[in-house]
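Inspection log for the structure reproduced underneath, given as structure tokens.
Values quoted throughout were computed directly from the atomic coordinates according to the rules given, and no laboratory measurement underlies them. Since this is a predicted model, take the numbers as computed values, not measurements. Here the Cβ is made from the backbone with ideal geometry for all residues, glycine too, and neighbour counts use every protein chain on show.
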């Protein structure tokens with residue numbers, strides 16, 4: 001269950017045939033998807049609860065995937081592909097196996113959100129750094145299947161960030177004049193993402 005988009009997907013959507021911006025596109029993929037997901041109130045994410053899957057082994061000498069694969073393998077090196085990538089920020093909750101304690105990010109563990117790995121911290125006061133199973137709730141950004149409009153939206157966000165210098169509000173070239181919204185989401189993108197937005201219950 002790797003990332004739903006690759007650099008080649010963005011290039012195909014935008015009609016890019018050169019390799020000039022491949023590194024930049026790759027670097028912007030996950031941040032752009034996370035930005036779009038947050039705008040949609042996590043409407044691009046699928047939520048997984050620990051009661052529906054395997055335990056995750058969190059040991060001081062290893063890197064664990066955020067959730068195990070179907071075979072039950074729960075420990076990964078940092079070079080292996082985790083079953084779920086593109087983890088949605090602010091959705092990860094880590095519990096002890098008896099659900100009696102909730103562990104804290106940046107105190108007990110760190111997360112590589114883009115690649116789907118969790119790293120135990122040696123200074124953990126909750127004992128996770130000594131190894132053992134934990135339970136994890138999280139959501140991952142999913143742009144597969146019928147979410148082509150979301151893929152187009154993420155591609156357009158990347159295109160805008162590459163081609164529109166930060167801080168430039170407008171530009172004029174001959175008879176052409178256009179304005180950019182640097183601190184928000186472009187109207188074209190927001191229109192395409194409207195179908196994915198989750199209502200916010202207050």
Expected sort for 192, 49 with the fewest Cβ neighbours (10 Å cutoff) up front is 49, 192
At a 10 angstrom cut-off on C-beta neighbours, averaged per residue, how do the peptides 25-37, 104-116 rank from highest to lowest? 25-37, 104-116
